[in-house]
Every structure is written in C-alpha cells, then in structure tokens.
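Take a look at the structure set out below.
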Amino acid sequence: MSGGDWALLVALAILWGGSFFFVAIAGRELPPFTVVALRVSLAAVILIALLVMGGRPLPAGGRVWRVLFGMGLINNVIPFSLIVWGQTQIASGLAAVLNATTPFWTALIVHFLTVDEKLTAPKVAGIAIGVAGVGVLIGPAAFRDLGGDGLGALAILAATLAYGFSGALGRQLPRLGVAPMTAATGQMIAATTMMIPLALLFDQPWRLAAPSWPVWGAILGLAALSTALGYILFFRLLGRTGATNTSLVTLLVPVSAILLGTWVLGERLEPRHFAGMALIALGLVAIDGRAWRWLRGRRAAAAE
C-alpha cells in the first residue's frame with residue numbers, strides 16, 4: 001500500500017467511525033430496518049445526483065448488476081441490519097472488538113476464493129496483533145457481556161463474515177471497468193430496493209412517531225458521509241489494494257471513534273487507549289510488509 005492508500009484508509013476509518021455516533025442517535029427513535037433503509041436510500045439519492053451532475057452513466061450490463069445486487073445484500077442489507085440489531089443486545093465496545101475481526105475473515109475467505117491474495121505469516125501476525133490492540137483499546141469492560149446475550153455477539157460476527165465475502169465479490173467490479181463512484185451508486189440502489197420492503201414489512205414506519213430534528217441530522221450524516229462518501233473511498237481502495245488491505249479499516253474504526261469522542265465530546269484518553277493504538281499501529285506495520293522486507297535486507301547485507 002502506498003502513502004496515498006493509507007491516507008484513504010484513514011479517511012474511511014474516520015467516516016465509518018463517525019457512523020457509531022449517527023447510529024446511536026438515530027437508534028433512539030427508529031427501529032433497525034428503518035434506520036438502514038433511510039441510510040441506503042438517501043445515500044442512493046445523493047450518489048445518483050452526483051453521477052448526473054458529473055455526466056456519468058448509471059451502471060450497465062446484467063453481469064455488473066448481478067455483482068452490485070450481491071454487494072448490496074452482503075455488504076449493506078445483511079451486515080448493516082445485523083450490526084444495528086446486535087448493538088441493541090450487547091455493549092458497543094464488545095461490538096467494536098467483534099467487528100474488528102473482519103480482516104481475519106476477509107483474509108481467510110479471499111485466500112480460498114482468489115488467486116492473488118494469499119495468507120502470509122506477516123498478514124496473520126499483523127491481524128492478530130491488530131485485533132488484540134482493539135481489545136486493549138476498548139478495555140476489559142467490553143468483555144463483561146461476552147457470556148450474556150450470545151445472539152447479539154453472533155449477529156456481529158455474522159456481519160463480519162458477510163463483509164469478508166463482499167470483499168471477495170467486490171473485486172470483480174474494477175475488473176469489469178466499473179468506476180468507484182458508479183459502483184457505490186449501483187450498490188446503494190440495489191441495497192435500497194431490498195431494504196425498503198423489509199422496513200415496510202417489519203417496522204411499519206407509518207405507525208412510528210415523527211423523528212426529531214437531531215435524528216434527521218444523524219440520518220443525513222449517516223447517509224451522506226458514512227455511506228455515500230464512505231463507499232466511494234471503499235471501492236477506490238478495493239480496486240487499488242485488494243480486499244484484505246481494505247478490510248483493515250475495521251481495525252482503525254474504533255481508534256477514530258475514540259479520538260472523535262475525545263475531540264468532539266471532550267472525553268479523556270486513558271493509558272489503555274494509547275497502548276491499544278500502539279498495538280494496532282504495530283499490526284498494520286506488520287501487514288504492510290515493508291518493515292519485514294527492510295529487516296530481511298539488513299540481515300542479508302550483514303551476512304555479506
């Protein structure tokens with residue numbers, strides 16, 4: 001990964017870290033399917049408008065749309081719904097730790113489903129160190145619910161598995177010549193066509209009280225920043241760095257969420273936060289691979 005790729009990864013982590021704030025506010029007044037339906041449908045409207053203003057066409061071709069509907073299902077409908085529901089059952093800290101296992105599942109899945117993203121010792125070591133760092137970052141309080149509602153934990157883990165498969169499937173879009181903006185738009189359109197019927201069937205939103213203005217603000221931020229802009233960056237990274245490297249964003253999301261809490265809400269950083277961030281940084285360095293190559297080069301030079 002180049003410096004520009006790492007910058008995109010950090011930007012995506014900030015956008016997705018902010019989604020925790022938006023979901024927490026929206027979830028106070030709206031049920032899960034309705035939150036997700038509003039999130040993807042408003043994001044679809046924003047992205048369609050951007051495509052039209054940029055003079056770009058919508059995705060075309062049966063094969064492209066099959067991939068986009070697959071991505072909408074396993075990268076939006078299933079994981080978004082499971083995570084929003086899971087966060088109502090378990091502590092958000094535990095949810096963040098479980099969500100941070102996404103790179104492990106992604107690396108394992110793409111190892112078997114692709115020919116050019118194979119597991120290596122540095123990747124496995126780096127992912128393990130990074131997940132441990134997330135655990136330290138969140139702190140022991142996150143694990144108090146580990147033996148509680150197992151369904152909530154299983155829901156988050158199922159979401160991470162869906163993300164892993166979506167990483168492997170989404171790699172087809174750059175190969176089909178679909179630009180990141182077009183891919184993000186098509187995926188949101190596909191997700192919208194699946195989520196709206198679910199929300200209408202299970203939540204019956206016409207029976208709900210009108211949301212407050214803060215909730216509408218949270219939904220708009222969730223749709224415009226965490227979803228529309230976030231998935232443009234996601235598809236750009238996916239095409240440039242592959243599924244495993246893109247999934248590393250889930251290691252950085254808890255970091256960005258905690259730092260945003262510090263800067264925006266005035267929360268205090270504790271020693272475990274610095275220790276956890278240091279472990280995550282070490283894990284990312286291991287996965288990046290350049291440190292390993294530098295060490296091998298030094299050893300080879302010394303041997304000569």
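The values are calculated or read from the model by the stated rules, or taken from the named source; none is laboratory data. From a predicted model like this one, the values you see are computed outputs, not experimental measurements. Methodologically, a virtual Cβ is constructed for each residue, glycine included, from the backbone with ideal geometry; neighbour enumeration extends over all protein chains shown. To get the accessible areas, we keep the full protein, side chains included, count just its heavy atoms, and leave off ligands, DNA and RNA. Shrake-Rupley method; radii C 1.70, N 1.55, O 1.52, S 1.80 Å.
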Positions within the range 34-50 being closer than 29 Å to Leu259 by Cα and open to solvent by 50 Å² or more (accessible area, probe 1.4 Å), in sequence order: Leu42, Ile46
Residue match in the range 51-59 (condition: touching an Asp or Glu at 6+ places or on another chain (Cβ under 7 Å), open to solvent by less than 50 Å² (accessible area, probe 1.4 Å) and at pLDDT 90 or above): no
Elements of type helices (runs of 4 or more DSSP H) contained in the range 119-212, each with 1 or more residues being touching a His at 6+ places or on another chain (Cβ under 8 Å): 121-138
Condition broken by Gly239, with the remaining ones in (1) out of contact with any helix residue (DSSP H, G or I) (no Cβ under 7 Å at 6 or more places or on another chain); (2) open to solvent by 30 Å² or more (accessible area, probe 1.4 Å); (3) among the small types (Gly, Ala, Ser) satisfied: (1)
Members of the range 204-220 that are among the hydrophobic types (A, V, I, L, M, F, W, C), out of contact with any Phe, Trp or Tyr (no Cβ under 9 Å at 6 or more places or on another chain) and closer than 23 Å to Trp16 by Cβ: Val215, Trp216
Candidates Ala199, Ala223, filtered to the one that is among the small types (Gly, Ala, Ser), in contact with a Lys or Arg (Cβ under 9 Å, 6 or more places away or on another chain), closer than 19 Å to Val23 by Cα and buried (at least 21 other Cβ atoms within 10 Å of the Cβ): Ala223
Residue within the range 77-93 that is open to solvent by 40 Å² or more (accessible area, probe 1.4 Å) and touching a Leu at 6+ places or on another chain (Cβ under 8 Å) present: yes
